[in-house]
Each structure stands twice: as C-alpha cells, then as structure tokens.
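Every number in this text was worked out from the coordinates using simple rules, so none of it is lab data. This is a predicted model, so every value here is computed, not measured. Methodologically, a virtual Cβ is constructed for each residue, glycine included, from the backbone with ideal geometry; neighbour enumeration extends over all protein chains shown.
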C-alpha cells in the first residue's frame with residue numbers, strides 16, 4: 001500500500017455502536033473512540049470499499065463549530081433508509097462528530113467526513129462507521145475569482161428517483177466514481193467544476209455542491225425531488241435570504257433557463273459558496289458583493 | 001469497527017508496485033507481499049472507500065487454477081484506462097493473483113477479488129491494490145434449480161457509453177451501490193437476481209453477470225458496446241459453443257425479444273452458469289442438459 005501522506009493533526013473517531021438500540025457495555029461506553037488516524041482501520045472485505053456500499057456526509061467546521069450538524073444527521077438517516085441500512089443511533093453520531101471536532105487542534109476551517117458502510121462481507125450486518133476531521137484550505141480565493149463550470153449529462157431522466165428508486169439517486173452514497181470522473185472531464189475542458197443535467201434537459205446539481213441561481217431579485221435552486229441531494233448549505237443560504245425578505249423558490253429549471261440567470265453559485269459544506277464565472281465556456285458575471293454577503297452569513301454559522 | 005468474521009484460510013496479497021515502470025528495490029522485490037488477511041489494511045482516506053473510486057475483477061479459481069486470468073487482466077487494464085488511472089503493471093498483477101491462489105489451502109472452488117483504487121486522498125497518486133482469495137460455495141445447487149430474475153431499469157439509454165463516457169458505463173468500478181441495491185429490490189419481488197434494461201428498452205446484463213439467450217439452436221448475448229461489461233465467462237461459453245459448431249452472436253436485444261428466448265442463463269466468474277427459471281414472474285424452461293454441458297466446460301477450464 002502507498003504511504004499515507006502526512007496529514008498533521010487529523011482526528012479519527014471510530015463508531016463502535018452505530019445502530020439504534022445496540023446495547024452499551026457500561027457507563028463508560030459512549031459508542032465511539034478516538035483512534036490513530038495514520039493507521040489503516042478498514043478491512044479489505046468491507047462493503048464500503050468492495051462495492052462502494054455505504055453513505056457519507058461532509059461537514060464544515062468553522063472556528064471549532066460543526067455547521068448544520070442536525071441537518072447532516074437527518075440527511076444521513078435519509079440516505080441510510082434509501083439504502084436499507086440499519087437505523088442509525090444519531091445520538092452516537094452527533095457525539096462522535098463533536099468529539100472528533102473537539103479533539104482537533106484549533107484551525108479556522110476544518111472538514112469533517114462521516115462515513116457509514118454496510119460492514120464487512122459475510123459479517124453480521126453491523127455497519128462500519130467513522131468520523132475524520134482534517135484541516136481544509138481556505139475557500140476564499142475561488143470565492144473571489146469564481147469557478148469555471150461545464151454542464152454534463154448525468155444520463156438519467158429528471159424523474160428517475162420516482163420511477164426507479166433502486167438507482168439511489170438522492171442518496172449520498174460512497175459510489176461516487178462518476179462524481180470524480182466528471183471532474184476529470186471538466187479539467188479536460190479547462191473547467192473547475194460540473195453542473196449535472198438530466199437526460200431530458202433539466203439542471204440538477206454539481207458532483208459535490210448545489211446550484212443557486214439569481215434571476216433579478218429572486219433566488220432559485222433545482223427542486224430536490226429530482227434525484228438530487230437536499231443541500232444543507234443551500235438550505236442555510238435560503239434561510240439567510242428569506243430572513244432578509246428576499247424571495248426564494250425550488251423549481252424545475254432547464255439548462256436554457258439557467259443560462260438566463262443574472263448570477264450563479266455552487267454551494268457546499270466545505271467550500272461554502274463559489275460564484276460561477278463561466279458556464280460551458282461563456283463568461284458569467286460574478287456578483288462579488290452578494291457572494292461576500294452570503295459567504296459571511298454562511299461562514300458565520302456556529303451551529 | 002465490527003469484528004471481522006472468521007474466514008478460514010483466506011489469503012491476502014497487497015500489491016506495493018501496481019504501476020507500470022515503478023522501480024524495483026532489488027531482486028527480491030516482486031512488487032507484492034502476502035499479509036495477514038484478518039488485519040485492516042485500508043486507510044479511511046483511501047479513495048476506494050471514500051468515493052468508490054477504483055476498479056475490480058472477480059476471478060474463479062477451480063482446483064487451484066485461476067480461470068481466464070489473461071482476460072481479467074485485460075479487462076482490468078481497460079477499466080483503469082476508462083478511469084484515467086495510472087497504467088498498471090500487469091506482470092505484477094498476474095504474479096500476485098497466482099501467488100494469492102497458490103498460498104491458499106486447496107479447495108475445489110475459490111473466488112479471487114482483485115481491487116485497485118486511486119490511492120489515498122492527497123497522496124502521490126499511487127494506486128492501492130490487493131488480491132484476496134477465499135473459499136466460495138459450490139454453485140451447483142442454483143445451477144440445478146435455476147434462479148428467479150426480474151428486469152429493472154438501469155436508467156441510462158443503451159448508447160450512453162458513447163454519448164457520455166464520463167458515466168463510466170462498461171468499466172468495472174468499485175461504485176457498485178446500485179448493483180447491490182437492485183438485488184434488494186429483486187428480493188422484495190421474490191427474485192434472486194436482476195436483468196438490467198436500458199431506459200429505451202434494451203436488455204443489458206445482470207449486476208454481476210452476463211446474459212446468454214438461446215433461440216432455437218443459436219446463442220446470443222447483448223452487444224458489449226452498450227455500456228456493459230465484456231463478460232469473461234460469456235466469452236468462454238461462446239468459445240465452447242463455437243468449437244461445437246453452434247452459431248453465436250452479439251445483438252441489440254429488446255426485453256420483448258429476450259422474452260421469446262427458448263432458454264436464458266446468467267454467467268459469471270464465481271457462479272459460472274445459472275439458468276433462469278423465471279423472468280418477471282413468468283416461469284421459464286430450464287435447459288438442464290445444456291446447462292450441465294456448458295457448466296462442465298466452464299468449470300473444466302484450467303486457465
């Protein structure tokens with residue numbers, strides 16, 4: 001195996017009792033434990049690695065505070081249900097996320113990765129689960145300069161989550177090889193990121209971000225029943241906008257309609273918010289003032 | 001993490017030099033080594049587990065002989081190219097597969113799993129790779145009784161591998177959560193396995209097997225340019241049939257056309273060959289004589 005690169009001060013919490021109702025061994029058993037993050041902890045027969053059979057969440061940690069923890073836990077539970085995984089003990093997961101963040105040396109921006117797999121092949125079905133917290137780069141530079149985005153066909157119709165739920169669209173699974181492949185395709189086209197489009201022409205989401213579009217003074221995002229993730233950062237941004245009295249909506253947006261927007265952003269837990277500066281090679285106006293205003297609010301979240 | 005279940009006599013070979021052209025440290029450096037299969041060897045930051053970002057092959061080992069090893073290595077290289085992974089040193093992989101099989105205590109049927117991931121996040125890009133060999137159940141019972149199969153929409157058009165190569169259809173990736181999810185859907189419908197159908201009505205493959213259909217005295221299988229895997233066992237079966245002078249073909253088959261077949265089989269490296277005894281609830285005639293004849297030839301392969 002290749003040497004693991006130096007990742008100073010990453011913290012790793014392994015969750016021993018991920019399932020709701022699993023018996024505690026005593027008052028000292030909190031259901032998880034800190035382990036050495038440099039040591040391998042995953043077995044080669046874990047279904048997370050042999051089949052990408054599991055789910056995850058990425059959480060931002062700003063000045064020590066885990067952002068949108070409850071929203072992430074709710075989405076984790078939703079993904080678990082979509083994959084027929086055992087019901088998770090969200091109290092244990094919540095405590096594990098907080099412990100993983102608290103154990104990390106202070107830093108302005110941390111990224112937390114919460115992973116749950118179906119466990120090992122031929123095992124008793126107990127999920128494998130962990131939370132890893134590590135420093136992340138300051139997302140400020142791409143917030144100022146914007147990102148070049150290309151639209152790519154996701155191959156599915158916009159209604160596939162309803163017609164074919166076994167395709168797991170809308171669950172945040174570990175089977176993200178395509179979400180990585182499209183970034184390589186974007187790079188080949190000279191772009192930084194991707195906007196997925198359904199095979200019937202509707203705008204969906206990025207491989208690790210939600211789209212927000214501004215039309216005049218209104219903000220909109222693709223409807224979350226299109227087999228896409230309900231973005232925790234998009235939801236937080238809409239809360240901020242609504243508190244300012246700005247109208248927001250969830251819509252069925254064709255790519256052509258998105259091309260009429262006055263400004264476009266990709267939002268996600270780690271990067272928070274990045275303005276789109278070009279779409280399929282066409283330059284786009286970066287709304288610097290609104291980007292910073294939203295960024296301040298998003299980064300300022302302490303829960 | 002849950003305890004790893006007892007898997008007596010599994011062998012695990014970790015490949016230290018998966019890349020073509022990586023320097024050997026000396027004459028004793030064969031590029032791989034046997035490790036304890038019970039110990040975790042995968043890091044939580046491995047892209048194989050965090051993103052399902054890697055590829056695999058499953059190889060049958062009968063009476064100690066690794067079957068279709070060259071065909072599997074060729075397909076592994078093809079999958080690696082489709083995922084823009086580094087070019088693999090197939091000589092090292094070949095030797096690792098043979099060593100993993102040779103180290104195993106003798107058994108009539110073994111299954112070998114060869115995995116290559118994109119390595120660890122933030123690493124130098126060196127793939128993580130291993131070969132695990134373990135006993136498998138004798139596939140004879142389901143060969144006699146047949147399997148109940150349901151057809152399920154894969155959500156993609158039949159030509160998506162050509163129009164949208166970033167969807168990685170036709171590569172054997174670790175992102176197989178859907179291939180597992182459809183088996184749970186099949187179980188809910190009282191079936192054992194699945195036949196994927198394209199969104200425009202063409203028959204594709206099973207989640208871990210190829211389809212072979214007999215129409216009269218002719219055998220056919222779906223064309224392998226439909227974003228499906230070129231099956232190593234299907235190819236071996238067609239070689240056997242052709243040697244007997246029986247006509248075989250690769251076709252674009254609608255599901256309606258498949259329903260007119262006289263006999264249907266799913267074939268794969270582990271299970272070898274299983275006759276379909278029902279399709280979407282309709283009983284199907286199991287061609288027991290031909291199944292056993294093909295099974296004898298497939299199981300009899302010693303390379």
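Give or take rounding to whole Å, what are the principal axis extents of the alpha carbon atoms in the stretch B:141-299, in descending order?
41, 33, 29
For label points placed 7 Å from Cα toward Cβ, what is the shortest-first list of nm distances from residue B:141 to its copies?
Nearest to farthest, the other copies are at 5.9 nm.
What is the log10 of I(q)/I(0) for the stretch B:11-136, computed with the Debye formula using one identical point scatterer on each Cα and no solvent, at q = 0.09, 0.16 Å⁻¹?
-0.23, -0.75
Taking every Cα atom in the stretch A:203-289, find the radius of gyration and the maximum pairwise distance Dmax, and write them in Å.
Computed over the Cα atoms of the stretch A:203-289, radius of gyration and Dmax are 12.0, 34 Å.
For the stretch A:250-303, what are the per-bin percents of Cα-Cα distances with bins 10 Å wide, up to the bin holding the maximum?
Taking all Cα pairs of the stretch A:250-303, the binned fractions are 21, 47, 28, 4 percent.
Placing a label point 7 Å from Cα toward Cβ, how far apart in nm is residue A:29 from its equivalents in the other copies, listed shortest first to one decimal?
With the label placed 7 Å along Cα→Cβ, residue A:29 yields 4.7 nm.
So what's the gap between the Cα centers of the stretch B:232-254 and the stretch B:154-201, to the nearest angstrom?
22 Å
Relative to the longest principal Cα axis of chain A, at what angle does helix A:69-82 sit, 0 to 90 degrees, rounded to 10?
Its long axis makes an angle of about 80 degrees.
Report the convex hull volume per residue for the stretch B:163-227, counting only C-alpha atoms, in Å³. Let's see the in-between values first.
Numbers: hull volume 7.5 nm³, N = 65.
Per-residue hull volume (Cα only) is 115 Å³.
Need one number for chain A: average projected area of the convex hull over its C-alpha atoms, nm².
One quarter of the hull surface, i.e. the mean projection, equals 16.4 nm².
Can you give the translational diffusion coefficient of the protein assembly as shown in µm²/s, computed by Stokes-Einstein from the Kirkwood radius over Cα pairs at 37 °C and 0.692 mPa s?
My calculation gives 129 µm²/s for D.
In what order do A:93, A:215 fall by count of nearby beta-carbon atoms within 10 Å, going from fewest to most?
Ranked by crowding around the Cβ, least crowded first: A:215, A:93.
Restricting to Cα atoms and excluding each atom paired with itself, what does the Kirkwood estimate give for the stretch A:5-80 in Å?
Roughly 15.1 Å, rounded to one decimal.
Using a Förster radius of 25 Å, what is the FRET efficiency between residue B:302 and residue B:35 based on their Cβ-Cβ separation? Nearest 0.05, please.
0.35
To one decimal in nm, how far is residue A:243 from the same spot in the other copies, if labels go 7 Å from Cα toward Cβ? Please give the shortest first.
Residue A:243 label point versus its equivalents elsewhere: 7.4 nm.
If you wrap a convex hull around the alpha carbons of the stretch A:109-232, what volume per residue comes out, as a whole number of Å³?
Spread over its residues, the Cα hull of the stretch A:109-232 gives 156 Å³ apiece.
Other chains near B:113-119: what is the mean number of their Cβ atoms within 10 Å of each residue's Cβ?
Going residue by residue through B:113-119 and averaging, the value is 2.
So what's the angle, to the nearest 10 degrees on a 0 to 90 scale, between helix B:90-103 and the longest Cα principal axis of chain B?
Approximately 90 degrees, to the nearest 10.
On C-alpha positions alone, give me the angle between the axis of helix A:177-188 and the longest principal axis of chain A, in degrees, nearest 10.
Rounded to the nearest ten degrees, it is 40.
Could you work out how far the C-alpha centroid of the stretch B:25-91 sits from that of the stretch A:26-64, in angstrom?
Each part reduced to its Cα centre gives a spacing of 24 Å.
Could you work out the helix-only [θ] at 222 nm for chain A, with each DSSP H run of four or more residues adding -39,500 (n - 2.57) and the total divided by the number of residues, to the nearest 500 deg cm²/dmol?
-7500 deg cm²/dmol
Per the Debye formula with a single identical scatterer at each Cα and no solvent contribution, what log10 I(q)/I(0) holds for the stretch B:67-125 at q = 0.17, 0.23 Å⁻¹?
-0.66, -1.01
Calculate the FRET efficiency for residue A:137 and residue B:282 from the Cβ-Cβ distance with a Förster distance of 56 Å, rounded to the nearest 0.05.
0.50
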